[in-house]
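Chemist: This is the structure, below, for whatever I ask next.
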Amino acid sequence: MNLKSVPWWTKELTLMKKRTNALRRNQRTTNNNDLRERRKNQYHDEKTQYQVAIKRKKSNPGKNFATSPQQRTHGTPSTNSPRTKQREANHCQLYKNQTDH
């Protein structure tokens, strides 16, 4: 199960995020300047890899997205809802009134 509510998010990204945040906390709490600098570089390298992985998943979602229009439900209104039927009826009535004049 994905922790994020976007279809391209993966468990791999969750693990990368946890690792990146752990490295960030680790380098921020280090008092030794030499060790802190090494941990800072390690954190920035990991953060860059994490950001690249996110960009790749966003631009190439692969099998996580629905491929056919019948499978896609996000962002498309349901035609079976009472609200949609009422909206369509109102639109038809408006169109009919405009053409009668």
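Chemist: Suppose we filter region 1-30 for residues that are surrounded by fewer than 17 Cβ atoms within 10 Å (Cβ to Cβ), aliphatic (A, V, I, L, M) and modelled with pLDDT of 95 or more; how many remain?
Modeler: Adding up the residues that qualify gives 2.
Chemist: Name every residue in region 33-75 that is in contact with a Lys or Arg (Cβ under 7 Å, 6 or more places away or on another chain) and modelled with pLDDT of 95 or more, in order of residue number.
Modeler: Looking only at region 33-75, we keep the residues that are in contact with a Lys or Arg (Cβ under 7 Å, 6 or more places away or on another chain), and these are 43, 46, 50, 66.
Within region 33-75, Tyr43, Glu46, Tyr50 qualify.
The values are calculated or read from the model by the stated rules, or taken from the named source; none is laboratory data. Please read these numbers as outputs of a predicted model, since none were measured by experiment. All Cβ positions, glycine included, derive from the backbone under ideal geometry; neighbour counts span all protein chains shown.
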